[in-house]
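Here the structure comes first, spelled out in structure tokens, and everything after it is commentary.
The values are calculated or read from the model by the stated rules, or taken from the named source; none is laboratory data. Note that this is a predicted model, so its numbers are computed, not measured. FYI the Cβ positions are ideal-geometry reconstructions off the backbone, even for glycines, and counts take in every protein chain you see. For the accessible areas, the whole protein counts, side chains as well, though only heavy atoms, and no ligand, DNA or RNA atoms are used. Shrake-Rupley method; radii C 1.70, N 1.55, O 1.52, S 1.80 Å.
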Amino acid sequence: MKGDPKVISTLNSLLARELTVVSQYMVHAEICDNWGYSKLHDAIQKRAIVEMKHAEKLIGRIIFLQGIPIVSELQKMHIGADVPKMFANDHAAEIDAVEQYNAGIVVCGTAKDFATREVLEHILNDEDTHVDDIETVQDQIAQMGIQI
């Protein structure tokens, strides 16, 4: 099925975002592991894996729409120098993702590509969960600090 060029472009933009945050989250997870924060490592690594699955879904949809997935273009990564900064950067990335997915859903609706819109809505639900999870950790850090 030949997809709408605007939808394919939107999917590639979202793909760049997903691939960028996978890398950012992997770096943050490994830094936490190096510092001995195993629970934070595990939580960030789990989020990175979910983002990888999002990238996989986007690639599959682009190919289905007879587009070419662009995996060589990334957005700017923001690596934190400490845990609070990591989570602030990750929070900003997730808020941006929510905005990008909402905009992508509108593009799909305008193009009357409701199947792609449904894919994006599903991913958006995950991104909302990521925002909530990050805010929970930020609240815990603010209240308890970062003790081992």
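Brief remarks on what is shown
- Residue (of ALA48, VAL21, SER9) at the positive-pole extreme of segment 1-48, dipole from beta-carbon charges: SER9
- Solvent-accessible area of LYS6 with every protein chain in place, 1.4 Å probe, in Å² to the nearest 10: 150
- Overall, the chain carries a charge dipole of about 540 debye about its Cα centre when +1 sits on the Cβ of Lys and Arg and -1 on the Cβ of Asp and Glu, all other atoms neutral.
- The Rg/Rh ratio of the chain, with Rg taken over Cα atoms and Rh as the Kirkwood radius over Cα pairs, comes to 1.03.
- Whole-Å distance, taken between Cα centres, linking segment 124-139 and segment 1-70: 16
- Only protein heavy atoms count here; under a 1.4 Å probe, LEU40 has an accessible surface of about 30 Å².
- Contact order, relative form, for segment 1-107: 40 percent (alpha carbon pairs under 8 Å, 6 or more residues apart, mean separation divided by residue count).
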